[in-house]
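The values are calculated or read from the model by the stated rules, or taken from the named source; none is laboratory data. Only a predicted model underlies this, so the values are computations on that prediction, with no experimental measurement involved. Quick reminder, even Gly has a Cβ in these numbers, built from the backbone with ideal geometry, and neighbours come from all protein chains shown.
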Amino acid sequence: MTGRTTSVVAGTPRDGDLYAPGRSVSRLGIRAAVNPPATSSFYVYGSYVDVCGLSATTECPLYVDGANETVPPTGGMTILDFGAPCFEPATLEWGSQLINSQGCTPDPTLVILAQAWLRGYETNPNRTASTGYVLAAGTSNSLTAAVPGYALTSAEMSLHGQAWFSSVISPIAAVARSLPTPVATWAGNDIEESGDGNWYDGPTTGAWVDSYAAASGASKPCVASKDALMVDYGDYVPNQPGWSVAAVYHVSWQAAPACPAPEIYGAANAGEWQSLNTQAHSAGLPGMEFTGVLSEDGAAGSLTALGSWNALRNATGQAAPYLSVIGEAGPVPPEVPDPPAAVMAVPGPGLATVTWSAPAWDGGSGVTAYTVSVYAGSILAQVVTVTGFPVPEATIIAGLANGTSYTFYVRATNRMGSGPQSLPSTSVAPSGPLPVR
């Protein structure tokens, strides 16, 4: 499969529009393959949890972007990249580790963040002229887990993919489709085919994609009239350990709802994706039809947005309908961390084991210590500081009086200072050792 493989015209196709390798598509009435106007996609920072609540407006960077977003008449796409998939054992919640956060932000909070963007979009004066807009709620296949030393198994990645549909995409879609100007809701996954140990391998990533596909029941074509599709906006890095060509093809295209919108930061990226199409053709498989292009628009020496789109078109012969630029929605100045969550205590003889989960946001600067305050009633009995790298999220408090009830509070510290105290643990009373018989 060399040279021109598929022609996909710029703009947002409709259900029923047909695409055939090597043929032009005239049903849309668009003759020239011109680049679509660039829209914006964003890394979602942990700090947004504090300012993007259920009624947030201009104080929330996501709301501001939705209100000011370029909305091309042909449709557009915004990806909210929520970060790494995670599971919080203390609360039994699935979620994502937001950018600059050490905590596992639960799925319902991610929905609230996406709704802030939707509220802003509904004030955007350009939205009514658009033929369709896509909001993609994205996670990744990064194994940088929110809980230190904790990575998801294949079975857990499968459950995370299932929950991503039921707890994230479905609730967002219920709101997005009810708006006066409806928005399509897709899943997103920043799938990196990397062998450096920081990303899940092909089978583990495939477990997430397959589970999401089964839960959503979504399937191509990749058009804005359909919800619950999945845009893969990752890199293709050939010949990486843990990744076969078949695995890359599967998570990017072969899975029923998968719609590739690759990151094209240099011309070599586009050539790598075309090489994947060539190998698919050699194996008798259909070539991928690229839904979009994600660009850094010249940041750190990368291609401009137009350059990224043209690089994919030149390499594959395809004019992707969507072009988006990934960046930040607003400045994120460092501040003190949020309070730790889920503080629990288990009593023992003259001691208690105290555990907690990391703050939802670390303040934009990593947590360097936790301070545990021990109260006997209203009296401060002990203060214990926990340090390390990574900082443990548990400690044993010794020197407690058997039969006395204690309550524990935890606060996190980073280079900006100490944040507020957590909610209290339940009160526990240490007891003496069991009698020996």
Legend entry - Subset of the range 347-369 that is under 27 Å from the mean Cα position of the chain (by Cα) and assigned to a strand (DSSP E or B) - its residue that is surrounded by the most Cβ atoms within 10 Å (Cβ to Cβ): TRP356
Legend entry - Answer from GLY197, GLY242 - the residue that is in contact with a helix residue (DSSP H, G or I) (Cβ under 9 Å, 6 or more places away or on another chain), at positive phi and surrounded by fewer than 22 Cβ atoms within 10 Å (Cβ to Cβ): GLY242
Legend entry - Condition check for ALA136: buried (at least 18 other Cβ atoms within 10 Å of the Cβ), in contact (Cβ under 8 Å) with a residue 60 or more places away in the chain and farther than 26 Å from LEU323 by Cβ: no
Legend entry - Selection count, the range 325-346, where residues are among the β-branched types (Val, Ile, Thr) and outside any strand (DSSP E or B): 2
Legend entry - Test: residue in the range 122-133 that is surrounded by 18 or more Cβ atoms within 10 Å (Cβ to Cβ), touching a residue at least 40 places away in the same chain (Cβ under 8 Å) and closer than 17 Å to ALA218 by Cβ: yes
Legend entry - Inter-residue pairs, beta-carbon under 8 Å, first in the same structural domain as PRO238 (by TED's automatic domain parsing) and touching a residue at least 24 places away in the same chain (Cβ under 8 Å) and in the range 202-216, second surrounded by 24 or more Cβ atoms within 10 Å (Cβ to Cβ) and among the charged types (D, E, K, R), 6+ apart: GLY202/GLU193
Legend entry - Residues of the range 265-324 satisfying the condition of being among the hydrophobic types (A, V, I, L, M, F, W, C), touching a helix residue (DSSP H, G or I) at 6+ places or on another chain (Cβ under 8 Å), surrounded by fewer than 19 Cβ atoms within 10 Å (Cβ to Cβ) and assigned to a helix (DSSP H, G or I): ALA267
Inset, instruction - Examine the range 377-387 for a residue that is out of contact with any helix residue (DSSP H, G or I) (no Cβ under 8 Å at 6 or more places or on another chain), surrounded by 20 or more Cβ atoms within 10 Å (Cβ to Cβ) and not assigned by TED's automatic domain parsing to the domain that holds TYR43, and state whether such a residue exists. - result: no
Inset, instruction - Could you identify the single residue in SER167, SER154 that is in the same structural domain as ILE99 (by TED's automatic domain parsing), modelled with pLDDT of 90 or more and surrounded by fewer than 18 Cβ atoms within 10 Å (Cβ to Cβ)? - result: SER154
Inset, instruction - Filter the range 188-215 down to the residues that are under 23 Å from PRO286 (Cα atoms) and of a type in the set (Gly, Ala, Ser), then identify the one that is nearest to the chain's Cα centre (by Cα). - result: GLY188
Inset, instruction - Please specify each residue of the range 235-282 satisfying the condition of being over 24 Å from ALA187 (Cα atoms), touching a residue at least 24 places away in the same chain (Cβ under 8 Å) and hydrophobic (A, V, I, L, M, F, W, C). - result: ALA267, ALA280
Inset, instruction - Would you check if there is a residue in the range 245-258 being touching a Phe, Trp or Tyr at 6+ places or on another chain (Cβ under 9 Å) and farther than 30 Å from ALA214 by Cβ? - result: no
Inset, instruction - Please specify each residue of the range 213-242 satisfying the condition of being farther than 22 Å from TYR322 by Cβ, modelled with pLDDT of 95 or more, among the hydrophobic types (A, V, I, L, M, F, W, C) and assigned to a loop (DSSP other than H, G, I, E, B). - result: none
